[in-house]
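**Student:** Can you read through this structure? Questions will come right after.
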Amino acid sequence: MSDDPIVHGDDAPPSSWKKGDAPDAMGIGDTKGDSIVGRTVTINRPVGEVFAYFRDFTNLPTFMENVVSIEVLDEARSHWVVKAPAGRTVEWDARITDEAQDRFIAWTSEPGADVANSGRVDFQDAGARGTVVTATILYDPPGGIVGKIVAKMFQREPAIQARRDLRRFKQLMETGEIATSAYTARQLEEETN
Amino acid sequence: MRALAWHGRHDVRVDTVDDPEILNPRDCIIKVTSTAICGSDLHLYDGYIPTMKAGDILGHEFMGEVVETGPKSTLQKGQRVVVPFTIACGSCYHCGKHQYSACDNGNPADNQDIGMELYGQPMSGLFGYSHLTGGYAGGQAEYVRVPFSDVGPIVIPDGVDDDTVLFLSDILPTGWMAAENADIEPGDTVAVWGCGPVGLFAVQSAFLMGAARVIAIDHFPKRLELAKKFGAETINYEESAVYEALMTMTGGIGPDAVIDSVGLEAHGFFVDNVIDQIKKSTFLGTDRIHSIRQAIVACRKGGRVSMPAVYGGIVDKFPLGAFMEKGLTLKTGQTHVQHYMPALLNAIMEGKIDTTFLISHRMDLEDAPKGYKMFHDDQNEVTKIVLKPGFN
Ligand SMILES: NC(=O)c1ccc[n+]([C@@H]2O[C@H](COP(=O)([O-])OP(=O)(O)OC[C@H]3O[C@@H](n4cnc5c(N)ncnc54)[C@H](O)[C@@H]3O)[C@@H](O)[C@H]2O)c1
Ligand SMILES: [Zn+2]
Ligand SMILES: [Zn+2]
């Protein structure tokens, strides 16, 4: 991390910066990795409700398509199992490094993670428009054979995945369900696996 | 169940497929009693729309009887409903503003990427209209799964015929919104390009909104005749020069408002080309826009342009100068069907709007492939085909 404060001459958010200087400016506790994904969505529900749903990590697999399970270990730590290509999964323990009720949650993966990652999700009260949710994720594509497979997924997919997951989160919060165009249970099953 | 499925260019078949099931709490299942073939379906038939998959069930204009309800549906079994072609959640910001076709949540998350790339923000889902608009199975079938059934379908009172209310699903609200978007003032002269179902409903709506004169433009004599029946003056563009005719008919002023209800139908619209163009970033002209160009040039200074016609991509030769210099206003968009349904149902019940005049053919769902071919081959004789499962 550089010690010089990062100064841009405009108000554009770090996730849109063209130079590689965004991670340092993100205010993410322990920065892990160098690939950055930033996505924003506005959810037409009060910030308290949106934050509370997200803060209960056991809810996340409902709308995060690649997350198989999240086990909450204690107030700060949780164990994540995430789908990888070729029927594999990758796992890590995540630790909350900082949080403020109804404002943000920041985390980092613990040593030994299959894919080192860190990030933060910001919640901003948007008055009549609801809540602006911004997810910023940094991840470190790993080496090795598994690493190659995982990297393939993570290098190409995280931006798209984060965007789709946020849309599903929005759908769930606003409509109580996640939209699908399947018309049989079997089709739906195929789509979500 | 039996359903009309797309298999390729000029290849639609009635197949036996799985029955739909309730998948989300707000869903319902309806048993279709009437469903229409739309001009827009012909684009699918002609193979112009990308992201179609063999086996996709078509149809976005349909109605029927509720046979199953999810726990959060507000409908009851046995109710008869007309279903809007736009799939909207009713609870997002846009639905709150009654901009239903801009619903954030009607299109499944994964399907929104392409809309985002093409248009900046994804639009709502639509029934039976390619994977670009969600990949939802359509209504030219015996049964349909209807998402958000607590906000979409409108309940039809007993004793009201299917044929009088079916067009609430799309073309009647579309024609009405087209006229509304023309901001008609009493005494106005309104010119309407295209006398398909949308144009013909725009003609009726324009008169109801106070237009003194409506001038309808097309080249099919039968369609022009229908417009005349509703009091419109007509111009056959194959026989007369449209701009000259309009200028003379309006005393050299031009129509106060112009409505383009032609769109890509007449001129061939190729979304795949559009996507190619965007990919190549050449931004060369793609949609051919003869009618809208003519409408803008003919419109009087300070007048209004309404464009219900569908365009999908990027155009060139758009008369931006005429548009700017004359200070015109343009309003357009996919129809916010849910917003218009209740008032239009009332207007039908009160006999203010005639809907059944449009139907030229009724046939069994099993004959749908024949219907597509007929509609495709002869738009003069065929104005609207309504399919009814079990009609024979
Ligand atoms: N905005 C919406 O939500 C919405 C909904 C439904 C349909 N649409 C669109 O509205 C348009 C009309 O739909 P429709 O079902 O009535 O289609 P249609 O194909 O039945 O009618 C189009 C008519 O335009 C005529 N025409 C062709 N070229 C012309 C020209 N240069 N000048 C004047 N007339 C011309 C054709 O002869 C035809 O009768 C289509 O673009 C359709 O996709 C939009
Ligand atoms: Zn239609
Ligand atoms: Zn909505």
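**Student:** What does the net charge come to around B:Asp170 if you take all other residues with beta carbon closer than 14 Å to its beta carbon, with K and R at +1 and D and E at -1?
**Tutor:** -1
**Student:** How far apart, in nm, are the 7 Å Cα→Cβ label points at B:Glu366 and B:Glu225?
**Tutor:** Here the answer is 3.2 nm between the modelled labels.
**Student:** Considering amide H positions built from the backbone, and no H for Pro or chain starts, which residues 5 or more places from A:Phe104, or on another chain, come under 5 Å of its amide H?
**Tutor:** A:Phe123
**Student:** Placing +1 at every Lys and Arg Cβ and -1 at every Asp and Glu Cβ, with all other atoms neutral, what dipole size does the protein assembly as shown have around its Cα centre, in debye to the nearest 20?
**Tutor:** 800
**Student:** Okay, next question. Can you give me the relative contact order of chain B as a percent, contacts being Cα pairs under 8 Å and 6 or more apart?
**Tutor:** Worked out over chain B, it gives 18 percent.
**Student:** I'd like the projected area of the stretch A:91-138, averaged over all directions, using the convex hull of its alpha carbons. Report it in nm² with one decimal. Intermediate results must be reported in sequence, preceding the final value.
**Tutor:** Values: hull surface 14.2 nm².
Mean orientational projected area (the stretch A:91-138, Cα hull): 3.5 nm².
**Student:** Averaged per residue, what accessible surface does the protein assembly as shown expose to a 1.4 Å probe, in Å²?
**Tutor:** Ligands and nucleic acids excluded, the figure is 42 Å² per residue.
**Student:** 7 Å from Cα along Cα→Cβ at both A:Val72 and B:Asp18: what's the point-to-point distance in nm?
**Tutor:** 3.5
**Student:** For chain B, what proportion of DSSP beta bridges, expressed in % and rounded to the nearest 5, is antiparallel?
**Tutor:** The answer is about 55 percent antiparallel.
**Student:** Hey, quick one: spin label on A:Arg45, modelled 7 Å out along Cα-Cβ, who in the stretch A:60-98 has an amide N within reach, i.e. under 15 Å?
**Tutor:** Once the point is set 7 Å along Cα→Cβ of A:Arg45, A:60-64 turn out to lie under 15 Å by backbone N, inside the stretch A:60-98.
**Student:** Continuing with this model, one more query. With only alpha-carbon atoms in the gyration tensor, what are the semi-axes of the equivalent ellipsoid for the stretch A:55-115, in Å, largest first?
**Tutor:** Equivalent ellipsoid of the stretch A:55-115: 21, 14, 9 Å, largest first.
**Student:** What do you get when you divide the Cα radius of gyration of the stretch B:136-192 by 2.2 N^0.38 Å, with N the number of residues?
**Tutor:** For the stretch B:136-192, the normalised Cα radius of gyration comes out at 1.55.
**Student:** Quick check: from the Cα gyration tensor, does the stretch B:79-132 come out rounded (a/c under 1.5), prolate or oblate?
**Tutor:** Here the stretch B:79-132 falls in the oblate category.
**Student:** So what's the convex hull volume per residue for the Cα atoms of the protein assembly as shown, in Å³? Show your work: numbers first, answer last.
**Tutor:** Working: hull volume 99.1 nm³, N = 585.
Convex hull volume per residue, Cα atoms: 169 Å³.
**Student:** Net charge near B:Ile184: determine it from the other residues with C-beta under 14 Å of the C-beta of B:Ile184, scoring Lys and Arg +1 and Asp and Glu -1.
**Tutor:** -1
**Student:** Say the dipole of the protein assembly as shown comes from +1 at the beta carbon of Lys and Arg and -1 at that of Asp and Glu; which of B:Ile114, A:Val81, B:Gly194 then lies farthest toward its positive end?
**Tutor:** Going by the Cα projections, it comes out as B:Gly194.
**Student:** Still on this structure, please answer the following. Would you look at the GNM of chain B, springs on alpha carbons closer than 10 Å, and say which of B:Thr234, B:Thr329, B:Thr33 moves the most?
**Tutor:** In this elastic network of chain B, the residue with the biggest mean-square fluctuation among B:Thr234, B:Thr329, B:Thr33 is B:Thr329.
**Student:** Top to bottom by accessible area (1.4 Å), largest first, where do B:Arg26, A:Arg95 land?
**Tutor:** A:Arg95, B:Arg26
**Student:** If r is the Cβ-Cβ distance from A:Ala86 to A:Ala185 and R0 is 35 Å, what FRET efficiency results, to the nearest 0.05?
**Tutor:** Step by step, r from the Cβ atoms, then E = 0.85.
**Student:** While we're here: Any idea of the total accessible area buried by the A-B contact, 1.4 Å probe, rounded to 100 Å²?
**Tutor:** By this definition, chains A and B bury close to 2400 Å².
**Student:** Evaluate the charge dipole of chain B about its Cα centre and quote only its size in Debye, nearest 20, assuming +1 on the Cβ of each Lys and Arg and -1 on the Cβ of each Asp and Glu.
**Tutor:** On the way: 32 positive and 49 negative charges, 130 e Å.
Dipole size: approximately 620 debye.
**Student:** Also, I was wondering about something else. Roughly how big is the stretch B:1-98's charge dipole about its Cα centre, with Cβ charges of +1 (Lys, Arg) and -1 (Asp, Glu), in debye to the nearest 20?
**Tutor:** On the way: 10 positive and 12 negative charges, 68 e Å.
I would put it at about 320 debye.
**Student:** What is the extension gain from B:Leu42 to B:Lys301, computed as 0.36 nm multiplied by their sequence separation minus the C-alpha to C-alpha distance, in nm to one decimal?
**Tutor:** Details: separation 259, 0.36 × 259 = 93.24 nm, distance 3.57 nm.
Between B:Leu42 and B:Lys301, full extension yields an extra 89.7 nm.
**Student:** Follow-up question, since we're still on this one. In nm, what is the difference between 0.36 nm times the number of residues separating A:Ala12 and A:Arg129 and their Cα-Cα distance?
**Tutor:** Details: separation 117, 0.36 × 117 = 42.12 nm, distance 2.06 nm.
Gain in length upon complete extension: 40.1 nm.
**Student:** Quick one: net charge around B:Glu68, please, counting Lys, Arg +1 and Asp, Glu -1 for every other residue with C-beta under 15 Å from its C-beta.
**Tutor:** Working: positive: B:Arg26, B:Lys31, B:Lys72, B:Lys77, B:Arg80, B:Arg145; negative: B:Asp18, B:Asp19, B:Glu21, B:Asp27, B:Glu65, B:Glu142, B:Asp150.
Net of charged neighbours comes to -1.
**Student:** Percent of accessible area on chain B owned by carbon and sulfur, 1.4 Å probe?
**Tutor:** Details: 7650 of 14890 Å².
Carbon and sulfur: 51 percent of the exposed surface of chain B.
**Student:** Here is a follow-up. Which residues does a label at B:Arg9 reach in the stretch B:52-68, if reach means a backbone N under 16 Å from a point 7 Å past the Cα toward the Cβ?
**Tutor:** The answer is B:52-54.
**Student:** Additional query: Just from its helices, what would the mean residue ellipticity at 222 nm be for the protein assembly as shown, if runs of 4 or more DSSP H residues each count -39500 (n - 2.57) and the sum is divided by every residue, rounded to the nearest 500 deg cm²/dmol?
**Tutor:** -8000 deg cm²/dmol
**Student:** So, one more: Classify the stretch B:14-114 from the C-alpha gyration tensor, please: rounded if a/c falls under 1.5, else prolate or oblate depending on whether a/b exceeds b/c.
**Tutor:** Note, shape of the stretch B:14-114 comes out oblate.
**Student:** Among rounded, prolate and oblate, which fits chain B when a ≥ b ≥ c are the square roots of the eigenvalues of its C-alpha gyration tensor, a/c under 1.5 means rounded, and a/b larger than b/c means prolate?
**Tutor:** Taking the square roots of the gyration eigenvalues as a ≥ b ≥ c, chain B is prolate.
**Student:** Let me ask you something else. Just tell me how shielded B:126-137 is by partners: mean number of partner chain Cβ atoms within 10 Å of each residue's Cβ, no decimals.
**Tutor:** Details: counts 0, 1, 0, 0, 0, 1, 0, 1, 3, 5, 5, 5.
Mean shielding by partner chains, rounded to a whole number: 2.
**Student:** How many nm is it between the label spots at A:Ala52 and A:Glu110, if each spot is 7 Å from the Cα in line with the beta carbon?
**Tutor:** 2.9
The values are calculated or read from the model by the stated rules, or taken from the named source; none is laboratory data. What you see is a predicted model; the values in this text were computed from it and never measured. A quick note on method: Cβ atoms are made from the backbone with ideal geometry, for glycine too, and the neighbour counts reach across all protein chains shown. Keep in mind that these areas ignore ligands, DNA and RNA; they rest on the heavy atoms of the full protein, side chains included. Shrake-Rupley method; radii C 1.70, N 1.55, O 1.52, S 1.80 Å.
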